[in-house]
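Inspection log for the structure reproduced underneath, given as structure tokens.
The values are calculated or read from the model by the stated rules, or taken from the named source; none is laboratory data. Owing to the predicted nature of the structure, the values given are computational and were not obtained by experimental measurement. Quick reminder, even Gly has a Cβ in these numbers, built from the backbone with ideal geometry, and neighbours come from all protein chains shown. Side chains are part of the model used for accessible areas, which takes the heavy atoms of the whole protein and leaves out ligands, DNA and RNA. Shrake-Rupley method; radii C 1.70, N 1.55, O 1.52, S 1.80 Å.
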Amino acid sequence: MAFTIKVKVNGEWKTADVEPEMTLLELLREQWGLTGTKLGCDEGDCGACTVLFDGKPVNSCLVLAVRADGHDVVTVEGLGTAERPHPLQSAFEQHGAVQCGFCAPGMLISAKALLDANPEPAEQEIREALAGNLCRCTGYTKIVEAVKSAGRAMRSSVK
Ligand code: FES
Ligand code: FES
């Protein structure tokens, strides 16, 4: 039996009919075409599927779509555009924090949650916030530098 749900996605309410076992990740990618959110391990280990759920980062492969009914979800598509990138997206590009790019959407979402809650995080806090996001390529140093840099840019833009 399918359930009809309504979810606020990247600022816009959307409706879907979902089966009880469908995950939020499947709903985002397969029904709504939001393929920026990646399917990696499908069991909560890699963080590639991270989205904001009512402002908090979650692994969307572990959240049932029906649980999102009435909630607010932000995916990487909601951060910025090619013309108007989010400061984190600009910083990741400038610092070479993206290689194959598979982890980047989840990293960006986790980093956004961190900077929204803590605009001036210490390096250790950045590393802890990104601990659930695995990267096979970069060694993390450039990612951490990019998050620091984006934090500086965001702080200076609100002064
Ligand atoms: S795909 Fe969800 S944590 Fe890996
Ligand atoms: S850039 Fe390739 S997994 Fe992170």
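If you go through segment 54-86 and pick out every residue that is open to solvent by 50 Å² or more (accessible area, probe 1.4 Å), part of a helix (DSSP H, G or I) and closer than 24 Å to Ile126 by Cα, you end up with 2. For segment 131-144, taking the residues that are without any contact (Cβ under 8 Å) to a residue 24 or more places away in the chain and part of a loop (DSSP other than H, G, I, E, B), the one that is farthest from ligand 1 (Cβ to nearest atom) is identified as Gly139. Just give me the residues in segment 28-46 being out of contact with any Leu (no Cβ under 6 Å at 6 or more places or on another chain) and either of a type in the set (D, E, K, R) or open to solvent by less than 60 Å² (accessible area, probe 1.4 Å) (or both), in sequence order. Matches in segment 28-46: Arg29, Glu30, Trp32, Gly33, Gly36, Lys38, Gly40, Cys41, Asp42, Glu43, Asp45. Residues of segment 12-42 that are in contact (Cβ under 8 Å) with a residue 12 or more places away in the chain and over 18 Å from Pro57 (Cβ atoms): Lys14, Ala16, Asp17, Val18, Glu19, Pro20, Glu21, Met22, Glu26, Gln31, Trp32. Evaluate segment 6-15: report whether one residue or more is under 12 Å from the mean Cα position of the chain (by Cα), open to solvent by 40 Å² or more (accessible area, probe 1.4 Å) and closer than 23 Å to Ala111 by Cβ. The answer is yes; a qualifying residue exists. Counting only residues that are surrounded by fewer than 18 Cβ atoms within 10 Å (Cβ to Cβ) and in a helix (DSSP H, G or I), which one in segment 87-107 is nearest to ligand 1 (Cβ to nearest atom)? Per the stated criteria, the residue is Glu93. Evaluated against (1) within 16 Å of ligand 2 (Cβ to nearest atom); (2) in contact with a strand residue (DSSP E or B) (Cβ under 9 Å, 6 or more places away or on another chain); (3) not hydroxyl-bearing (Ser, Thr, Tyr), Gly36 falls short on exactly one condition, (2).
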